[in-house]
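Written below as structure tokens is the structure these notes are about.
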Amino acid sequence: MDKKEQVSESELFKLEQENYEKLAKKYPDQMVRSSQYDPATALQYVGITGVNPSLTGYLRYYPQDFIVEELKGEGDQTTIDPSTEPFTQEISEGETIYADLVKIGIGTFEAINQLSSQVGISPQKVGYAGMKDGRALTSQRVSIRGTTVEKLNALPKSHFFIKPKQIGKGAISPGQLVGNRFTITVRTEQDIDEQAFSESLQKLGKDGFPNFFGTQRFGHRLINPHLGLLLSQGKPEEAIRAFLVGTSPFDVPIYKSMRVKAKESYGDWQKMKKTFDILPYKFRHERLLLDALIAGDRPTQALLAIQDQVRFWFYSYGSFLVNQFLSQAMAGQVTSPDPLPLPQTSDEADRLFDYYLERDNTKDYQEHLRPYPFLRRRSRTIPPWITPQIHGHAISNKKIVVVNFSLPKAVYATTFLMFLFRLHGGNPIPTWVEATDIDAKKEVGAGSVTATLEKLEPPTQRRVVEGEI
């Protein structure tokens with residue numbers, strides 16, 4: 001994304017904030033779901049069955065309820081702990097500054113965009129190993145090129161800060177990490193039985209769990225697997241229609257009503273775009289697709305305007321099949337190879353997932369994906385089973401539990417947690433949620449968050465209309 005596009009998205013976000021406030025006043029009952037979704041239903045939507053623990057929990061009441069610290073290997077771990085030391089080492093031309101980026105309430109892309117803007121470089125000059133959740137307090141190693149230590153030392157207080165590490169060569173690339181350490185607070189509906197919970201943790205630490213793809217992999221509406229299915233069947237027109245005006249049980253009412261309104265004029269691309277213009281940031285990808293359709297592009301051409309989204313659809317369908325396969329493996333119905341090849345990435349994978357491809361009429365996916373050069377087969381595998389490293393836990397007020405654990409890279413913390421809790425998140429916040437703000441790291445004897453929170457600008461209270469599935 002170039003600088004012009006960044007500014008454009010920033011302007012869209014500001015405009016949307018204004019329009020959103022107007023909508024909230026006019027339609028207050030449509031801004032959040034009327035009730036929480038059923039966690040088991042959400043899991044079934046993404047292909048996961050056979051997981052239904054007895055405890056019900058709520059995740060991310062505060063950003064600091066979800067702490068992530070990157071593991072780099074050989075004893076090198078980033079932390080959220082603040083540093084009082086500025087950059088002191090001089091940097092020569094062509095050298096790279098390595099630092100730890102600590103952020104709260106914003107995603108990795110947003111933090112990097114803000115950082116690069118403040119020090120006068122393009123976002124491409126900032127390297128990182130993995131994406132870190134925006135609804136969290138996180139730490140990760142970054143490489144920064146093309147700026148000075150003076151500019152980095154002069155960064156204003158904001159939703160992020162950076163800690164000096166070293167001056168060197170090269171840059172960090174995606175995937176250059178070993179895993180992540182999590183300190184996660186879950187607020188439960190029921191009183192927690194200390195002995196039963198400890199036994200559940202010990203069992204997970206000993207036996208491990210299937211490496212399911214978590215619900216966040218599939219988009220807020222959880223329809224991305226269906227869109228990827230349609231593309232794999234050679235039905236781009238149907239995929240476009242489902243993307244623009246399709247709804248799901250997980251829709252927020254205001255978004256659903258806008259899609260329903262747009263559906264009334266389906267095919268009149270200009271009129272549909274005016275509907276989505278009301279919330280231009282939320283519907284930015286829909287608007288890009290409609291621009292291409294307005295210009296007269298055929299469906300396959302129009303989808304090139306939203307390549308990142310199309311890529312998500314395709315991979316989501318594969319992730320859905322993996323979840324179905326691992327659900328069967330967990331039930332003892334199939335045996336998984338290790339490593340597990342991902343669907344639609346190789347001949348070996350196609351043979352393993354032949355039953356599913358035949359069932360879904362997607363065996364000819366290679367032919368149907370020819371119009372999308374960014375969707376080429378590349379052999380990819382994942383470990384089918386994960387053994388977590390559990391460092392400890394603490395229970396507070398009988399209904400708040402903090403779990404401290406580590407997972408390999410590319411493994412979802414929520415996948416680990418789904419074997420302990422029926423997870424809720426987002427709005428509406430259940431009445432049973434205990435709102436006490438606790439120092440999670442202190443609770444488990446892993447330090448404290450106090451000094452870190454003092455160094456960070458608290459995130460603006462953002463609307464949570466989509467919530468977290």
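Read-outs: derived from the displayed coordinates by stated rules, not from any lab. As the structure is a computational prediction, the values presented were derived from the model and not from experiment. Cβ atoms come from the backbone with ideal geometry, glycine included; neighbour counts cover every protein chain shown.
By DSSP, what percent of the beta bridges with both residues in the range 65-168 are antiparallel, rounded to the nearest 5?
90
Obtain the nm distance between the two label points defined at D297 and Y266 by a simple spin-label model: each point lies 7 Å from its Cα along the Cα-to-C-beta direction.
For D297 paired with Y266, the spin-label model returns 2.0 nm.
Only helices at least 30 Å long along their axis, Cα-based, and averaging -0.5 or more on Kyte-Doolittle count here, so list those DSSP H runs from the chain.
Result, helices passing both filters: 307-330.
Roughly what would the spin-label model give for T450 and Q118, points 7 Å off Cα along C-beta, in nm?
The two pseudo-label positions are separated by 2.5 nm.
Testing the spin-label approximation: label points 7 Å from Cα along Cα→Cβ at T49 and A329. State their distance in nm.
Once both label points are built, they end up 1.8 nm from each other.
So, counting K/R as plus one and D/E as minus one, what does the shell of residues with Cβ under 11 Å around I294 add up to?
0
Quick check on the chain: helices-only [θ] at 222 nm, where DSSP H runs of length 4 and up contribute -39,500 (n - 2.57) each and the sum goes over total residues. Nearest 500, please.
-10500 deg cm²/dmol
Give me the net charge of L357's neighbourhood, meaning all other residues with Cβ under 11 Å from the Cβ of L357; Lys, Arg count +1, Asp, Glu -1.
For residues surrounding L357, the net value is -2.
So for K261, K25, K399, fewest C-beta neighbours within 10 Å to most, what's the order?
K25, K261, K399
May I ask you to derive the FRET efficiency for S198 and D439 from their Cβ-Cβ distance with R0 = 22 Å, giving the value to the nearest 0.05?
0.55
Out of the DSSP beta bridges found with both residues in the chain, what percent are antiparallel (nearest 5)?
Here the antiparallel bridges make up roughly 90 percent for the chain.
If neighbour count is taken as other Cβ atoms inside 10 Å, put T96, T450, T185, T335 in order from fewest to most.
T335, T450, T96, T185
In debye, nearest 20: dipole of the range 65-168 around its Cα centre with unit charges on the Cβ of K, R (+) and D, E (-)?
For the range 65-168, the charge dipole is close to 300 debye.
Can you give me the C-alpha center-to-center distance between the range 50-68 and the range 216-292, rounded to a whole angstrom?
29
Magnitude of the Cβ-charge dipole of the chain, K/R +1 and D/E -1, about the Cα centre, nearest 20 debye?
860
Pairs of alpha-carbon atoms within less than 8 angstrom and 6+ residues apart define the contacts here; what relative contact order does the chain have, in percent?
The normalised contact order for the chain reaches 25 percent.
If you scale each eigenvalue of the Cα gyration tensor by 5 and take the root, what three semi-axes come out for the range 65-168, rounded to whole angstrom and sorted largest first?
They are 20, 15, 13 Å, listed largest first.
Using a cut-off of 10 Å between beta-carbons, work out the net charge of the residues near A99 (Lys and Arg +1, Asp and Glu -1, A99 not included).
+2
Residue farthest toward the positive end of the dipole of the chain, with Cβ of Lys/Arg at +1 and Asp/Glu at -1: which of F320, Q77, A410?
Projecting each Cα onto the dipole axis, the largest value belongs to F320.
Using Cα pairs closer than 8 Å and at least 6 residues apart in sequence, work out the relative contact order for the range 65-168, in percent.
Dividing the mean separation by the residue count of the range 65-168 yields 42 percent.
Just rank V402, V51, V102, fewest to most, by other beta-carbon atoms within 10 angstrom.
V51, V402, V102
How far, in nm, would the chain grow between E21 and A40 when pulled straight, counting 0.36 nm per residue and subtracting the alpha carbon separation?
3.5 nm
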